[in-house]
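Below is one structure, written out as structure tokens; the observations come after it.
A short reminder: the numbers here are calculations on the coordinates, not readings from a lab. Just so it is clear, the model here is predicted, and its values are computed rather than measured. Heads up, the Cβs are rebuilt from the backbone with ideal geometry, glycines too, and the neighbour counts pull from every protein chain shown.
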Amino acid sequence: MPQYHVQQQSAIQPGLAADAVGLGLRRGMLDAFSELQPGDIDFFEVAPENWIDLGGRFGKAFEALAEKFPVTLHGLSLNIGGFAPLDYALIDDIAAFIDRFDCRLYSEHLTYCGDSGHLYDLMPIPFTDEAVAHVAERVIEVQRRLGRKILLENASYYAALDSQMTESQFITGVLEEADCGLLLDVNNVYVNSVNHGYDARQFLRELPLERAAYMHIAGHFDEADDLKVDTHGAPVIESVWQLLGECYGHCGSLPTLLERDFNFPPMAELLDEVSRIRDVQATGEVGQ
């Protein structure tokens, strides 16, 4: 194993081995997932909103997979940065889903996604003291309702809002005030660093990585040399693989999930990327 300089123990223990590697499940991948065996992946992740109370063929297929692999949740609709009242019915449904399937962790996006209705997008939050206090208050209430800590993911964004602090200062402020954990999305760090002109490695050094408990890695779309779009619809590029190795160098090995939302290749190609994550975890070397 590589000799990592590891920060203090994570604030949240996700109930997965530190070297666990998972794959995001989408309905279009169900047939391919049904062929997977333990050892191909160590866990899978879903957006709970897409599976709560789902019956029929999809529900049965999910139940079968949940008996075979541990489940993690990455929510889409909590609207943690919004001003509309928290959706307690959704939170209670997620709590029941967690209990039913023994889900190992629940994460959400550090964004807002609704006002008087659902925006069907993940919108950025201004990096201000007021926003830190507002978001942290809502996270604390969600954690109280769930009876557990959650993780927040550093989000990709494409418009730099009027802000009083840097992105890393904002993330740190929310995590510390809410006393929650970090889902470190490596591709989002890379995409934002290109789109907003900052150094990704310096950004990592500024985050409270002692709170990191889980990682995401994914592909993106190159709109232009200075505009990358976080699509989860392509293979992971070499620069992001290199950054993943940097993240392990800071945090040590953490459970890591490969996301793919569309343009699904044969499962063998996704498992090749899963294997590459395992190699980086084990050796600290990115390789090819």
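In this calculation the C-beta distance from A84 to T283 is compared with R0 = 51 Å, giving a FRET efficiency of 0.65.
Relative contact order, whole percent, for the chain stands at 23, derived from Cα pairs under 8 Å and 6 or more residues apart. Extents of the stretch 19-76, largest first, come to 31, 24, 19 Å (Cα atoms, principal axes, whole angstrom).
If you average the sequence gap of Cα pairs under 8 Å that are 6 or more apart and divide by the length of the stretch 133-266, what percent do you get for the contact order? Walk me through the intermediate numbers first.
Details: 195 pairs, mean separation 30.4, N = 134.
Taking the mean separation of contacting Cα pairs over the length of the stretch 133-266, I get 23 percent.
Between E49, E130, E273, the residue with the greatest mean-square fluctuation in the GNM of the chain (Cα pairs under 10 Å linked by springs) is E130. Within the listed set S156, S193, S239, the residue fluctuating most in the Gaussian network model of the chain (springs between alpha-carbon atoms under 10 angstrom) is S239. Nearest 5 is fine: what % of DSSP beta bridges in the chain come out antiparallel, could you say? Antiparallel: roughly 15 percent of the beta bridges in the chain.
Relative protection proxy for 173-181, 12-20, from highest mean packing down: 173-181, 12-20 (other beta-carbon atoms within 10 angstrom). Structure remark: mean-square fluctuation, Gaussian network model of the chain, C-alpha springs under 10 Å; the largest value among D102, D230, D162 belongs to D162.
Oblate is the label for the stretch 206-270, because a/c, from the alpha-carbon gyration tensor with a ≥ b ≥ c as root eigenvalues, is 1.5 or above and a/b does not exceed b/c.
Relative contact order for the stretch 55-185: what is it in percent, counting Cα pairs under 8 Å that are at least 6 residues apart?
Working: 182 pairs, mean separation 32.7, N = 131.
Normalised by residue count, the contact order of the stretch 55-185 is 25 percent.
Per-residue ellipticity at 222 nm from helix content only, as computed over the chain with -39500 (n - 2.57) for each DSSP H run of at least four residues, stands at -12000 deg cm²/dmol.
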